[in-house]
Amino acid sequence: MAGLSFLSGFDLVTRSPSCGLNTVPIKSPRGRPLSKNGSGLFVINLREHFPDLPVIEEPDLSDHYDLSLSQLRVIFYYLIRQGTVFSKELLAHQMYRDLVHNVEQNYSIKKQIMALNKRLNEMEESKMRDLLVILREHQCDD
């Protein structure tokens, strides 16, 4: 798993014995259903090694809100891990400044991720799209 430390997010496959997230049917050795809410073996290992890594199952990618939220989580995860979430270029945008307001640079990576994810969860979809435009422009400038 250490070879996957470059990841900033992961798309998962529903009901997959390896890549399902809380959608894998778990059965007893005799085939009797035990749970419909298990996770795949790869996902269990992935979450163990990278508990804050943004993940999404593929059916959720068809929902515009969930897709935008997932994209933002991946981008912020990347920016936080790179130490560039507080770059002057990004802070030049009022919307971005408002989002990262009160998220301290000396917070741990985990605490920064949790704080920003909480704010992203509360954001309207139209604001998410505007923020994605800002972040994509920033990525193109690098």
Amide H within-cut-off set for E57, under 5 Å, with H built and near neighbours excluded = L12
note = Cβ density ranking, 10 Å radius, fewest first, applied to H138, H64 yields H64, H138
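Just to confirm a number: summing +1 for Lys and Arg and -1 for Asp and Glu over residues other than H64 whose beta-carbon lies under 10 angstrom from that of H64, what do you get? Before the final figure, lay out each step's value.
Details: positive: R129; negative: D63, D66, E125.
Local net charge: -2.
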request  = At 0.36 nm per residue, minus the direct Cα-Cα distance, what do N45 and Q94 gain on full extension? Give it in nm, one decimal, please.
outcome  = 13.8 nm
query = Counting Lys +1, Arg +1, Asp -1, Glu -1, what net charge surrounds L21 among other residues with beta carbon under 9 Å of its beta carbon?
reply = 0
Lysine pair number, Cα distance threshold 30 Å (strictly under), the chain, separation 8 or more or different chains = 11
request  = Select one label from (i) 1.19; (ii) 1.86; (iii) 1.09: the one whose number is Cα Rg over 2.2 N^0.38 Å as derived from the coordinates shown.
outcome  = (i)
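Starting from 0.36 nm per residue, how many nanometres of slack lie between R30 and F6 once their C-alpha separation is accounted for?
Values: separation 24, 0.36 × 24 = 8.64 nm, distance 3.97 nm.
Using 0.36 nm per residue and subtracting the Cα-Cα distance, I get 4.7 nm.
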ask   = How far is the Cα center of the stretch 15-30 from the Cα center of the stretch 40-79, in Å?
value = 19 Å
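If we count every other residue with Cβ under 15 angstrom of Q105's Cβ, Lys/Arg +1 and Asp/Glu -1, where does the sum land? Don't skip to the answer; put the middle values down first.
Details: positive: R81, K88, R97, K110, K111; negative: E104.
Charge balance in the 15 Å sphere: +4.
At a Förster distance of 22 Å, what's the computed FRET efficiency of S126 paired with N102, Cβ-Cβ distance as r, to 0.05? Don't jump to the answer; show the numbers that get you there.
Working: r = 23 Å, r/R0 = 1.04.
Between S126 and N102 the formula returns 0.45.
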note = Scalar couplings 3J(HN,Hα) for the stretch 88-101 by Karplus 6.51 cos²θ - 1.76 cosθ + 1.60 (θ = phi - 60°), nearest whole Hz, x for Gly and Pro, are 4, 4, 6, 5, 5, 8, 4, 4, 5, 4, 4, 5, 8, 3
Length added when fully stretched, T14-S87, from 0.36 nm per residue minus Cα-Cα = 22.6 nm
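What is the dipole size for the stretch 63-142, taken about its Cα centre, with +1 at each Lys and Arg Cβ and -1 at each Asp and Glu Cβ, in debye to the nearest 20?
Working: 11 positive and 12 negative charges, 75 e Å.
Charge dipole of the stretch 63-142: 360 debye, to the nearest 20.
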message = Whole-Hz ³J(HN,Hα) for each residue in the stretch 71-86, computed from phi via Karplus 6.51 cos²θ - 1.76 cosθ + 1.60 with θ = phi - 60°, x for glycine and proline: what do you get?
response = 4, 5, 4, 5, 5, 5, 4, 4, 4, 5, 5, 7, x, 10, 5, 10
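Every number in this text was worked out from the coordinates using simple rules, so none of it is lab data. Note that this is a predicted model, so its numbers are computed, not measured. Note that each Cβ is placed from the backbone with ideal geometry, even for glycine, and that neighbours are counted across all protein chains shown.
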